[in-house]
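Peer 1: Got a structure for you, written out below as structure tokens; questions coming shortly.
The values are calculated or read from the model by the stated rules, or taken from the named source; none is laboratory data. Quick caveat, the model's predicted, so the values are computed rather than measured. Positions of Cβ are generated from backbone atoms using ideal geometry, with glycine treated the same way; all protein chains shown enter the neighbour counts. When the accessible area is computed, the model is the full protein with side chains, heavy atoms only, and any ligands, DNA or RNA have been set aside. Shrake-Rupley method; radii C 1.70, N 1.55, O 1.52, S 1.80 Å.
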Amino acid sequence: DPDLVIVARTEALIAGLGQEEALKRARAYEAAGADMILVHSKQKTPDEIEAFVHAWDGKAPIALVPTAYPQMTVARVKELKKVGLLIWGNHAIRASVGAMRATFAQIRKEGGIQGVEGRIATVDDVFELQGMSAVKDNEKRFLR
């Protein structure tokens with residue numbers, strides 16, 4: 001399938017095994033057919049990741065998840081020239097936690113939902129995100 005992309009993730013840096021082991025694993029993944037190499041680090045700066053990207057001698061682009069190092073901006077990634085994908089893996093859920101806390105604090109304070117309705121998604125918005133129209137179509141097709 002030409003639309004299938006295999007992303008192979010090396011955990012060598014996370015496991016503390018160092019850059020050479022991460023590169024060794026990434027090369028093996030590419031040789032096995034991986035389309036992209038995902039490398040991640042627990043460090044609080046992007047230095048370890050940038051060193052890996054600079055040392056990467058393969059053809060497969062690198063995928064990064066810069067959760068722990070917010071200094072890794074899109075501009076900084078473009079300068080590396082080997083990164084093909086950035087994943088902000090948990091920022092939406094982390095943002096939603098703050099929004100939920102604020103919403104429920106307002107509901108408690110005001111004793112109802114009237115004050116929050118104008119600034120939250122509609123039920124129809126949620127259903128659209130869930131693909132509810134496809135669910136309803138499938139119910140008509142398959143439920144008897």
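Peer 1: Just checking, which of 58, 16 is in contact (Cβ under 8 Å) with a residue 12 or more places away in the chain and open to solvent by less than 80 Å² (accessible area, probe 1.4 Å)?
Peer 2: 58
Peer 1: Oh, and also: Out of 82, 59, 42, I need the residue that is among the charged types (D, E, K, R), within 21 Å of residue 5 (Cβ to Cβ) and within 20 Å of the chain's Cα centre (by Cα). Which one?
Peer 2: 82
Peer 1: Does segment 38-53 contain at least one residue that is in contact with a Gly (Cβ under 7 Å, 6 or more places away or on another chain) and surrounded by 12 or more Cβ atoms within 10 Å (Cβ to Cβ)?
Peer 2: No, that holds for no residue.
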